[in-house]
Amino acid sequence: MDKLSSLSGVRRISEHHNFRASKSLGQNFLTDPEAVFGIVDGSDIGPDDLVIEIGPGMGVLTQEAARQAGQLIAIELDAKLKPILTKTLAPFENASIHWGDVMKTDIRALIQEAKDKAAESGAPGTGSDLSGSVRIIGNLPYYITTPIIMKLLEDRLPIASITIMMQKEVADRIVAEPGGRTYGAISVAVQYYCNVHRILEVPRESFYPMPQVDSTVLRLDLWETPGAQPDSEADFFTVVKAAFSQRRKTLSNSLGALGLPKDRTAALLAEADIDPSRRAETLSLAEFAALSNAYTRCKAENR
Ligand code: SAM
């Protein structure tokens, strides 16, 4: 029989179930065992871990992750995949499916519910009490990658890591260091919450249907304390957003988006010891924190 992680396997299952991949749902199914194992091994799943998978599709990653996890919950939006996914996961007693939109799913509640059940009875079939970590994995739909990542991080979920595949260009922006053209608000935001590792490059030929872009697997390990310590997190993100609102402009111009008079913007930059002719793409997280603290003080003093 064809394996699920093969082109012939995905084609055969699609034909058998009369299933057509939806472009608008970002359905590009993995057909490359090396990439499947790259994501699962790269996520370092242990037998006491709870794994949440986003967008399981036909279940190619799900099966491998379920073999290693205490329990797995897969969140899938497309109900047309029900006959396929329920069949693929039938042998895995420790895997369950939550049908719905990940953006509208209360993942914290799913985690709590799984942990409560495991504490009462132990996870069925594994004996795991889920005392390990909570890990998120997924081959994310391209159309919604950044919103999903930001939701996972901003919700402050009790998770240890997020190992996800995304369009290579998005991954390049997330891992970018200050000074490069790809460094932007998403780099600052993700690096604020996580230690970021590049795990694997995956060519477009590894998917069916074949997308028009290549992919990268990143692992995001959540910091115990954020990568910078601004006095106000809300102000930190307001300043980052304003600074990158016109990334080609100098900070003295782009920070105009904060709505302060020019002389106050200049005072903020002086207080944070940042040359006003610099651009946002050159600032480290620590410098953004200094600028944000100056902004917080400025607001408090109503200057
Ligand atoms: N994990 C499978 C694989 O690697 O072959 C499928 C990956 S495919 C790139 C993305 C999956 O995410 C699809 O199954 C799609 O239906 C699902 N999806 C798309 N939007 C979603 C959403 N908002 N919430 C949950 N799942 C979604």
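Output the number of the condition that Arg279 fails; it satisfies all remaining conditions of (1) out of contact with any Lys or Arg (no Cβ under 8 Å at 6 or more places or on another chain); (2) open to solvent by 20 Å² or more (accessible area, probe 1.4 Å). Every condition holds for Arg279 apart from (1).
Scanning region 241-269 for residues that are in a helix (DSSP H, G or I) and open to solvent by 70 Å² or more (accessible area, probe 1.4 Å) yields Lys241, Asn253, Lys262, Asp263, Arg264.
Counting only residues that are touching a residue at least 40 places away in the same chain (Cβ under 8 Å) and surrounded by fewer than 17 Cβ atoms within 10 Å (Cβ to Cβ), region 81-92 holds 1 of them. When residues in region 210-236 are screened for being out of contact with any Pro (no Cβ under 9 Å at 6 or more places or on another chain) and assigned to a helix (DSSP H, G or I), 2 of them pass. Among residues of region 24-41 that are closer than 15 Å to Met166 by Cα and open to solvent by 20 Å² or more (accessible area, probe 1.4 Å), those with a beta-carbon under 8 Å from a residue that is within 9 Å of the ligand (Cβ to nearest atom) and of a type in the set (D, E, K, R) at least six positions away or on a different chain give the pairs Leu25/Asp78.
Residues checked against (1) within 19 Å of Val60 (Cβ to Cβ); (2) open to solvent by 40 Å² or more (accessible area, probe 1.4 Å); (3) of a type in the set (Lys, Arg); (4) in contact (Cβ under 8 Å) with a residue 12 or more places away in the chain:
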| site | (1), (2), (3), (4) |
| --- | --- |
| Ala160 | no, no, no, yes |
| Ile164 | yes, no, no, yes |
| Arg173 | no, yes, yes, yes |
| Gly179 | no, yes, no, yes |
| Gly184 | no, no, no, yes |
| Ala189 | no, no, no, yes |
| Asn195 | no, yes, no, yes |
| Ile199 | yes, yes, no, yes |
| Ser206 | yes, no, no, yes |
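If the condition is being under 26 Å from Gln68 (Cβ atoms) and open to solvent by 10 Å² or more (accessible area, probe 1.4 Å), then region 143-155 contributes Lys151, Asp155. Applying a threshold of 6 Å to beta carbon distances and a minimum spacing of six or more residues, or different chains, the list of pairs starting in region 93-106 at a residue that is among the acidic types (Asp, Glu) and ending at one that is modelled with pLDDT under 95 and away from the ligand (no atom under 11 Å from the Cβ) reads Glu93/Pro124; Glu93/Gly125. I'd like to know if region 280-300 contains one or more residues that are without any contact (Cβ under 8 Å) to a residue 40 or more places away in the chain and in a loop (DSSP other than H, G, I, E, B). No: zero hits.
Per the listing Leu269, Leu258, the residue uniquely at pLDDT below 95 and more than 30 Å from Phe19 (Cα to Cα) is Leu258. Output yes when any residue across region 172-183 is under 12 Å from the mean Cα position of the chain (by Cα) and within 30 Å of Ala280 (Cβ to Cβ), and no when none is. Yes, because at least one residue in region 172-183 is under 12 Å from the mean Cα position of the chain (by Cα) and within 30 Å of Ala280 (Cβ to Cβ). Within region 257-274, the residues that satisfy the criterion of being free of Cβ contacts under 8 Å to residues at least 12 places away in the same chain and over 13 Å from Ser292 (Cα atoms) are Gly259, Pro261, Lys262, Asp263. Quick check, is Leu77 in contact (Cβ under 8 Å) with a residue 12 or more places away in the chain and open to solvent by 40 Å² or more (accessible area, probe 1.4 Å)? Judged against the criteria, Leu77 is a match.
The values are calculated or read from the model by the stated rules, or taken from the named source; none is laboratory data. Quantities reported herein were computed from a predicted structural model and do not represent experimental measurements. Positions of Cβ are generated from backbone atoms using ideal geometry, with glycine treated the same way; all protein chains shown enter the neighbour counts. Accessible surface is based on the protein model in full, side chains and every heavy atom, while ligands, DNA and RNA are left aside. Shrake-Rupley method; radii C 1.70, N 1.55, O 1.52, S 1.80 Å.
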